[in-house]
Amino acid sequence: MKVLVGIGEFSEGLETYYMIYRLMEEGVVPVVAAAEVKNLQLVVHDFEKKYSNYTEKLGYFIPTEIAYKDVNPADYDALLIPGGRGPEEMRQYDEVLKIVGHFYDNKLPLGTMCHGAQVIWAARSCKGRKMTCYYGIRAD
């Protein structure tokens, strides 16, 4: 089984690495995709009582394996999208919206965390579906 993990610049590091390593623990091959093949900057989000929203710090880098323009979604069994600011970037690429549309339209496994739901909403209407997300984007 092969799962596409879609990220963008400043995706949340813990969410991204957790997805990848849990897939590997289950014997699934994760393939990290982004706008281009490079070492991509991840971030760390945290909550501090003195602020009304989360804070963001630079985290680890992650090597991406395939560019969105080169992805054939039929080669993958599922799609996962972690949160952070990566989804904000991802939803700007037509290739990403087509990839998400493939999984959505074919009723294939499609999972997101936190802000990842922004990408699904940008690709297709989610009317009638029950979803969860970071409360800051619930209006989306």
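The values are calculated or read from the model by the stated rules, or taken from the named source; none is laboratory data. Please read all numbers here as calculations on a predicted model, not as lab measurements. Note: ideal-geometry Cβ built from the backbone for every residue, glycine included; neighbour counts use all protein chains shown. Side chains are part of the model used for accessible areas, which takes the heavy atoms of the whole protein and leaves out ligands, DNA and RNA. Shrake-Rupley method; radii C 1.70, N 1.55, O 1.52, S 1.80 Å.
In table form, for the structure just shown:
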item	result
Calculated on alpha-carbon atoms, Rg and Dmax of segment 1-44 in Å	10.4, 29
Within segment 33-72, trypsin sites (Lys or Arg not before Pro) in DSSP loop having at most 15 other beta-carbon neighbours inside 10 Å	LYS38, LYS49, LYS50
Longest segment of the chain lacking chymotrypsin sites (Phe, Trp or Tyr not before Pro) that sit in a DSSP loop with at most 12 other Cβ atoms within 10 Å	52-140
Accessible carbon and sulfur surface of the chain relative to its total accessible area, %, 1.4 Å	53
Charge tally in the Cβ shell below 14 Å around PRO30, where Lys, Arg are +1 and Asp, Glu are -1, PRO30 excluded	-4
Globularity ratio of segment 48-128, using Cα Rg and 2.2 N^0.38 Å	1.23
Sequence-distant aspartates and glutamates (8 or more away, or on other chains) whose Cα lies within less than 15 Å of LYS127	ASP105, ASP140
Angstrom value of the Kirkwood radius, inverse mean 1/r, which spans all Cα pairs in the chain	15.1
Relative contact order, percent, segment 31-107 [alpha-carbon distance under 8 Å, six or more residues apart]	31
Candidate lysines - alpha carbon under 19 Å from LYS57, same-chain residues fewer than 8 apart omitted	LYS49
Accessible area in square angstrom per residue, segment 9-140, 1.4 angstrom probe	60
Per-residue SASA entry for ARG85, accessible area with 1.4 Å probe, Å² rounded to 10	90
Cα centroid of segment 95-140 to Cα centroid of segment 34-72, whole Å	18
Helical mean residue ellipticity (222 nm; -39500 (n - 2.57) per DSSP H run of 4+; nearest 500) of the chain	-7500 deg cm²/dmol
Amide H within-cut-off set for LYS38, under 5 Å, with H built and near neighbours excluded	THR64
